[in-house]
1. Within a Cβ distance under 14 Å of Trp91, other residues only, what is the Lys/Arg minus Asp/Glu net charge?
2. Roughly how many nanometres apart are two label points built 7 Å out from the Cα toward the Cβ at Asp81 and Lys162?
3. Could you tell me how far the Cα centroid of region 112-137 sits from the Cα centroid of region 67-98, in Å?
4. Assign one of three labels to region 63-160, namely rounded, prolate or oblate, based on the Cα gyration tensor with a ≥ b ≥ c the square roots of its eigenvalues; rounded applies when a/c is under 1.5, prolate when it is not and a/b is larger than b/c, and oblate otherwise.
5. Quick one: Karplus J couplings for region 9-22, per residue in order, coefficients 6.51, -1.76, 1.60, θ = phi - 60°, nearest Hz, x for Gly and Pro?
6. Which order do the peptides 78-88, 106-116 take when ranked by the mean count of other beta-carbon atoms within 10 Å per residue, highest first?
7. So how far apart, in nm, are the two label points at Trp14 and Glu132 if each is 7 Å from Cα heading toward Cβ?
8. For a quick check: with amide H placed at 1.01 Å from N, whose amide H comes under 5 Å from Leu160's, ignoring anything fewer than 5 positions away on the same chain?
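Just so it is clear, none of the values below were taken in a lab; they were calculated from the coordinates. What you see is a predicted model; the values in this text were computed from it and never measured. In this analysis, Cβ positions are derived from the backbone assuming ideal geometry, glycine residues included, and neighbour counts consider all displayed protein chains.
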Amino acid sequence: MTDRKLTDQERRAWEAASRHVRRLDGKRSPRVAMPDVPGSSPMSPSVSPRSPLKRLPAPVQNRENERRIRRGKQAVSASFDLHGMTQDEAWRRLPQFLSRQRQNGAQCVIIITGKGRSGDGVLRRNFLHWIEMPQARSLISGYAPAHARHGGGGAWYVFLRKL
């Protein structure tokens, strides 16, 4: 927190908001345990972001493919939009999509995560965790942020390993 002074407008707003607030008579409100909300975990229930992972070799990024896609010389095979999905649903469907596209011979797909309201959306942030998980990592050879014409900061190129 900063120690800056409130502006007149901020002070008036605070006074208006706190005008009808009364102090409790020394009583503290009881602590209530927050219930688990379905879909609120960043990973599937069996995988938490802090659980130790058995690391596979780092995916090799194919810079030449990335350049060709950014320049429009190589087509993107498919796209997968995570908008409107819960975290659990997105996590469950992402490896399925990658596997299906790999079976179809796709070399590059776009995963659209969106940016979120503050520029650091939940799906965007978790995508970077998910793509490193063994279920997805074994299918890919690399990934990179998408060019503006393909969604920019709210999308990723995912390069699939050959069969």
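1. Working: positive: Arg92, Arg93, Arg124, Arg125, Arg137; negative: Asp88, Glu89, Glu132.
Around Trp91, the charge tally is +2.
2. 3.3
3. 11
4. Verdict is oblate for region 63-160.
5. Couplings: 5, 5, 5, 4, 5, 5, 4, 5, 6, 9, 4, 9, 8, 10 Hz.
6. Most protected by this proxy first, the peptides run 106-116, 78-88.
7. So the label points at Trp14 and Glu132 sit 4.0 nm apart.
8. Answer set, sorted by chain and number: Cys108, Val109, Ser141.
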